[in-house]
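Shown next, in structure tokens, is the structure this report addresses.
The values are calculated or read from the model by the stated rules, or taken from the named source; none is laboratory data. As the structure is a prediction and not an experimental result, all values here were calculated from the model. Glycine also receives a Cβ, built like all others from the backbone with ideal geometry; neighbour counts cover every protein chain displayed.
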């Protein structure tokens, strides 16, 4: 099943988020946003232990995605 969405709206939402987030980072002290980033990254590491893919399965999944992407791009391969 292919997800259908408005690509332009999605792009505009991403731009808004980048501008909003960069403004926030500039407006708060480094200690605040760096601590929040550290908490977020640490939570990713903790949650990674619950992920059921082995490293080999993950790499197979990544390589399969690259093959599909390269087929779509034709001769314009991106690595």
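Key figures
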item	result
Near pairs, Cβ below 9 angstrom, 6+ apart or cross-chain, from segment 58-74 (over 25 Å from residue 48 (Cβ atoms)) to any residue that is assigned to a helix (DSSP H, G or I) and at pLDDT 80 or above	none
Qualifying residue in segment 42-52 (condition: in a helix (DSSP H, G or I), modelled with pLDDT of 85 or more and within 17 Å of the chain's Cα centre (by Cα))	yes
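Residues checked against (1) touching a strand residue (DSSP E or B) at 6+ places or on another chain (Cβ under 7 Å); (2) at pLDDT below 90; (3) exposed (fewer than 10 other Cβ atoms within 10 Å of the Cβ):
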| position | (1), (2), (3) |
| --- | --- |
| 19 | no, no, no |
| 24 | no, yes, no |
| 32 | no, yes, no |
| 54 | no, yes, yes |
| 69 | no, yes, no |
| 74 | no, yes, yes |
